[in-house]
Amino acid sequence: MNCKNKQKNRYVNSVVMVAILLTAAVFVVTASPAAGAKEFVQPTYEFSTNYYDAYGEPDLYVSVLGDTEFERGETAQVRVVLSNRGVLYGFKSKTNVDTKNGDHAKSLKELEYESLRTTAFGLKAEMVSTTDYIEVDPITSIQTLDSLYPGVLPEDPMSFTITISDNAPAGVYMLLLPVSYEFQSQVEMTDGSTVRLGLPDLDHTTFYKTRNTTLQIPVMVEPAAKFVVSDVEGELTSGQSGIINVTYTNVGEVEASDAFARIVVMKPLSSDRSVVNLGAIAPGESKTASFDLAADISAVEKDYGIDSEIKYCDEDGEIEFSENIIVEVPLKSRDASISITTLALAGILLIGAYMGYNTMRKKNDKK
């Protein structure tokens, strides 16, 4: 066999060995994610030899577990799973290999370590809201992972607590998830020179780079009917009853059918009929409910806040209840009204008496 054929056979054998070792290394990484974690301060380049450069980085994605549709006023858990789809594209030789000094075996060992290049280490994820209508609980806003290997999902999802505002318009909102992590940028073999650093068992050194990426999580606020009190007419007097007209407006996005308005009154107020049928209320439409209220004679003059709610059927025919709606009802004291009337009558009597007195005096003067 001539020299050229020998060199060709050596090259073919090397390529085959590299392919076998790469396949085994990837299998080991997938099956045993605990390997390759950072455990010490890395030695500098002067203690190592670089045989290959690897190409590829972690590629992170996020998916949401469960429903991403929420109601106004709801506090819920957003459970997400990070995944790594990083691909190792290949290698480039950087140092000539001398088979006589064992460099060939060390170079193949470096290829095993280089296969971890697409693994993300020390992940830190923070959920950020892009709107005032959604608040992320600061206690759960930051989540961490020690490592994330390609094709290996975390055992537990990340869970973030969010609260939807009562005033949030229906629609899709975007939550941001900035993620920072490290990955292997270079692996080099140490040739045993790290004994001087007190690391006799270290056969390689690893250098890391930091990456930042921002993932997006869409969430939807469901369209629904929403009611506010747009007008209140009438007032009460202590010791008497009166009619209070309350106008409710549907400021939501869907129609409320078969709607009933209900008030809850407490002493010193009372009502014989606390439920009024409003019928269907379309978005933007207003309906007025008239409530017959009575006030105790001992009621203090002030504005009273009465609790009210709307019971209705939604688009799916399901019975729903609105949030509590406060109705401000003014009440004036009966004593105050009597005193004013008394003063007015007294004034009229005084004027009449004065006029009568002047008339009598004029008659006496003529006589």
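A few remarks follow.
Here's the yes/no breakdown for (1) more than 30 Å from Arg79 (Cα to Cα); (2) among the polar types (S, T, N, Q):
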site	(1), (2)
Glu222	no, no
Val228	yes, no
Glu233	yes, no
Ser238	yes, yes
Tyr248	yes, no
Val251	yes, no
Asp258	yes, no
Ala282	yes, no
Asp296	yes, no
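- Qualifying residue in the range 201-217 (condition: surrounded by fewer than 17 Cβ atoms within 10 Å (Cβ to Cβ) and either in contact with a His (Cβ under 7 Å, 6 or more places away or on another chain) or outside any strand (DSSP E or B) (or both)): yes
- Gly36 falls short of the stated requirement of being modelled with pLDDT under 95 and over 22 Å from Glu182 (Cα atoms).
- Met266, sole failed condition from (1) in a loop (DSSP other than H, G, I, E, B); (2) under 35 Å from the mean Cα position of the chain (by Cα): (2)
- Single residue of Ser286, Ser333, Ser298, Ser308 found to be out of contact with any strand residue (DSSP E or B) (no Cβ under 6 Å at 6 or more places or on another chain), surrounded by 15 or more Cβ atoms within 10 Å (Cβ to Cβ) and of a type outside the set (D, E, K, R): Ser333
- Among the candidates Tyr312, Tyr304, residue that is closer than 23 Å to Gly239 by Cβ and among the aromatic types (Phe, Trp, Tyr): Tyr304
- Any hit, the range 110-129, residues being more than 11 Å from the chain's Cα centre (by Cα), crowded, with 16+ Cβ neighbours inside 10 Å, under 25 Å from Asn167 (Cβ atoms) and not small (Gly, Ala, Ser): no
- Count - residues of the range 57-82 that are surrounded by 18 or more Cβ atoms within 10 Å (Cβ to Cβ) and more than 30 Å from Glu323 (Cβ to Cβ): 4
- Per-region count, the range 291-311, residues among the β-branched types (Val, Ile, Thr) and either part of a strand (DSSP E or B) or on the phi > 0 side of the Ramachandran plot (or both): 2
- Residues being in a strand (DSSP E or B), at negative phi and touching a Phe, Trp or Tyr at 6+ places or on another chain (Cβ under 7 Å) - total across the range 121-142: 4
- Count of the range 159-194 residues which are outside any loop (DSSP other than H, G, I, E, B) and within 13 Å of the chain's Cα centre (by Cα): 12
- Selection within the range 301-322 - of a type in the set (Asp, Glu) and over 13 Å from Arg262 (Cβ atoms): Glu301, Asp303, Asp314, Glu315, Asp316, Glu318, Glu320
- Restricting the range 218-252 to residues that are outside any strand (DSSP E or B) and small (Gly, Ala, Ser) leaves a set whose member that is surrounded by the most Cβ atoms within 10 Å (Cβ to Cβ) is Ala225.
The values are calculated or read from the model by the stated rules, or taken from the named source; none is laboratory data. Bear in mind that the values here come from a model prediction, so they are computed numbers and not experimental data. No Cβ is skipped: glycine too gets one built from the backbone with ideal geometry, and neighbour counts run over all protein chains shown.
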